[in-house]
Amino acid sequence: MKRLSETLRSYGVDKPIVVVDLDVLDANCAVADKVADAGLARRLVAKSLPCLPLLNYIRERIPTSGLMTFSEPMLQALLTAEPNTDHLVGKPFQVSSAARILSTNPDAARRVQWLIDTPVRLGEYLKLASDRQMPLRLSLELDVGLHRGGVNAQSVPELAQRIAAHPYGHLAGVMGYEAHLAKLPGILRSRAARASANAFNAAVAALPRFGDGLCLNTGGSLTFQSYLTKGTANEVAFGSVLVKPSDFDHATTRAFEPAAFIATPVLKVMPGNALPGLEFLPRQKTDIAVFGGHFLGQPVFPREFGYSTVFGRSSNQEVWTGPRAANVSPGDIALLRPSQSEAVLNQFGSILAVRDGQVIEEWQCLPN
């Protein structure tokens, strides 16, 4: 961490920014490519890696089938930047959002799988397809145990039939997200995993031709390595694990290392700083104030510093507390390990790509 901090100070970092260590990212990509079954397609989750140069860098190292995209602005930007990428929408969009995207990017009808979670939403999308006289690729969101919406296997035949019977409807596939599996305690996890697999298998069995030729997507950063070609799914999705924020510390991700950090300058260093209202008490601590704050992450450098319990959290000049003898100066670069990559990697507009102790590129981020 000290070397990275010194690199960023030499580069001239003077405000908060995200940094990605490409040496670590290379190793993480190699691990992901190895542990993901070679017979399954891999789809990168764009919200977790919200930077086109970062996505391109990863796609040079991991063959992918496309992106999973979660917002209108990000989808618009990616459709404009790339002519052929396939997009599976990762959450149902309001139909008005889909209509705007199709107005500015008519080619989205060919390249986007719109996610359908209810019969009502299906009706809205089929009406949009009729109004535009434009075929739409529709994929069904399956509830495979997460219980965050979606359809069950019993509803699949009716919805698939409605799509097939519509002159502008095209069934593109299904998505069964199962983020709950890795987070349940052991005895519940085994049972939930069986139930999730059974629900996904039943839904696919209810598809025309048992889903032959369709996108059968499942998995996430904590579970993608558990799926095999001999199973029902033909595609897994992942993203965050490649930069490994702390929310993705898990038994299934031990082979991956943190590759992304938030960097921000130290504004003030206050050894022995008095406590407000208790100035008469000696204090064997050093407080530092960093540029900005309230970041979604935990301090990792300077070592042994953490959020001040006296000053509390702040978005302006957040105070960290550490040892009295700490060797830290104004202008040094403090580092945090983010808890998530979604909405964090693109929080400051750009990413510094670092290799072997040198900043080699500055990458512009995608909108949320």
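The values are calculated or read from the model by the stated rules, or taken from the named source; none is laboratory data. Note that this is a predicted model, so its numbers are computed, not measured. Positions of Cβ are backbone-derived with ideal geometry, glycine not excepted, and every protein chain shown enters the neighbour counts. Each accessible area value is taken on the protein alone, full model and side chains, heavy atoms only, with ligands, DNA and RNA left out. Shrake-Rupley method; radii C 1.70, N 1.55, O 1.52, S 1.80 Å.
Most fluctuating residue of 182, 77, 153 in a GNM of the chain with Cα springs under 10 Å: which is it?
77
Can you give me the relative contact order of the chain as a percent, contacts being Cα pairs under 8 Å and 6 or more apart?
24 percent
On a full-extension model of 0.36 nm per residue, what is the gain between residue 191 and residue 23, subtracting their alpha-carbon distance, rounded to one decimal in nm?
In short, 56.6 nm is gained.
Considering only protein heavy atoms and a 1.4 Å probe, what is the carbon-and-sulfur percentage of the accessible area of the chain?
It is 53 percent, rounded to a whole number.
Can you tell me the FRET efficiency between residue 95 and residue 10 if r is taken as the Cβ-Cβ distance and R0 is 51 Å, rounded to the nearest 0.05? Mind dumping the intermediate values first?
Numbers: r = 51 Å, r/R0 = 0.99.
Plugging the Cβ-Cβ distance into 1/(1 + (r/R0)^6) gives 0.50.
Full-extension gain between residue 164 and residue 267, please, as 0.36 nm times their residue separation minus the C-alpha to C-alpha distance.
30.9 nm
With a/c under 1.5 counting as rounded, go ahead and sort segment 76-153 into rounded, prolate or oblate using the C-alpha gyration tensor (a ≥ b ≥ c being the square roots of the eigenvalues; past the cut-off, prolate if a/b is larger than b/c, else oblate).
Cα axes put segment 76-153 in the oblate bin.
Most fluctuating residue of 254, 355, 43 in a GNM of the chain with Cα springs under 10 Å: which is it?
254
May I ask you to give the solvent-accessible area per residue for the chain, in square angstrom, as obtained with a 1.4 angstrom probe?
Computed with neighbouring chains in place, this is 44 Å² per residue.
If you consider only alpha-carbon coordinates, what radius of gyration and Dmax does segment 238-368 have, in Å?
16.5, 54
Pairs to check: 183/244; 91/127; 244/268; 34/91; 34/244. Give those whose C-alpha atoms are more than 21 Å from each other in this structure.
Violating the 21 Å Cα-Cα cut-off are 244/268; 34/91.
Top mean-square fluctuation among 142, 335, 207, Gaussian network model of the chain, C-alpha springs under 10 Å?
207
Given contacts defined as C-alpha pairs under 8 Å and at least six residues apart, what's the relative contact order of segment 1-116, whole-number percent? The partial results should precede the final answer.
Values: 95 pairs, mean separation 22.2, N = 116.
Value for segment 1-116: 19 percent.
Tally Lys and Arg at +1 and Asp and Glu at -1 over the other residues with C-beta under 12 Å from the C-beta of residue 275: what net charge comes out?
Result for the neighbourhood of residue 275: 0.
Mind giving me the nanometre distance, one decimal, between the label points for residue 184 and residue 230, set 7 Å out from Cα along Cα→Cβ?
2.3 nm
Mind pulling the angle between the C-alpha long axis of helix 2-11 and the longest principal axis of the chain? Nearest 10 degrees, somewhere in 0 to 90.
Approximately 90 degrees, to the nearest 10.
Rounded to whole Hz and in sequence order, give me ³J(HN,Hα) for segment 302-314 from the Karplus expression 6.51 cos²θ - 1.76 cosθ + 1.60, θ = phi - 60°, writing x for Gly and Pro.
In residue order, the calculated couplings are x, 4, 6, 9, x, 4, 6, 7, 8, 7, x, 6, 8 Hz.
Among 157, 133, 174, pick out the residue whose Cα is farthest towards the positive end of the charge dipole of segment 102-188, where Lys and Arg carry +1 and Asp and Glu carry -1 on C-beta, about the Cα centre.
The one lying farthest along the dipole's positive direction is 133.
Which part of segment 268-298 falls in the paramagnetic zone of residue 1, meaning amide N under 13 Å from the point 7 Å along Cα-to-beta-carbon?
297-298
Can you pull the percent of Cα pairs in segment 172-307 with separation above 26 Å?
49 percent
Report the calculated FRET efficiency for residue 82 and residue 356 (r = Cβ-Cβ distance, R0 = 22 Å), to the nearest 0.05.
About 0.15, to the nearest 0.05.
Give the cross-link partners of residue 230 among the aspartates and glutamates, using a straight C-alpha distance below 13 Å as the criterion and excluding same-chain residues fewer than 8 apart.
37
Going by Cα centres, segment 1-44 and segment 302-325 are how many Å apart?
Cα centroid of segment 1-44 versus Cα centroid of segment 302-325: 26 Å apart.
Please give the charge dipole size of the chain, origin at the Cα centre, charges +1 on K and R Cβ atoms and -1 on D and E Cβ atoms. Round to the nearest 20 debye.
That gives a dipole near 560 debye.
Give the shape of segment 42-196 as rounded, prolate or oblate, defined through the alpha-carbon gyration tensor: a ≥ b ≥ c are the square roots of its eigenvalues, a/c under 1.5 means rounded, and otherwise the shape is prolate if a/b is larger than b/c and oblate if not.
Judged from the Cα gyration tensor, segment 42-196 comes out oblate (a/c at least 1.5, b/c at or above a/b).
Quick check: residue separation of residue 303 and residue 368 times 0.36 nm, minus the Cα distance between them. What number comes out in nm?
20.2 nm
Given 10 °C and 1.306 mPa s, how large is the Stokes-Einstein diffusion coefficient of segment 110-164 in µm²/s, with Rh as the Kirkwood radius over Cα pairs?
136 µm²/s
Using Cα pairs under 8 angstrom and six or more residues apart, how large is the relative contact order of segment 261-368, in percent?
About 27 percent, as a whole number.
Compute the angle between helix 72-81 and the longest alpha-carbon principal axis of the chain, please, reported from 0 to 90 degrees and rounded to the nearest 10.
Approximately 80 degrees, to the nearest ten.
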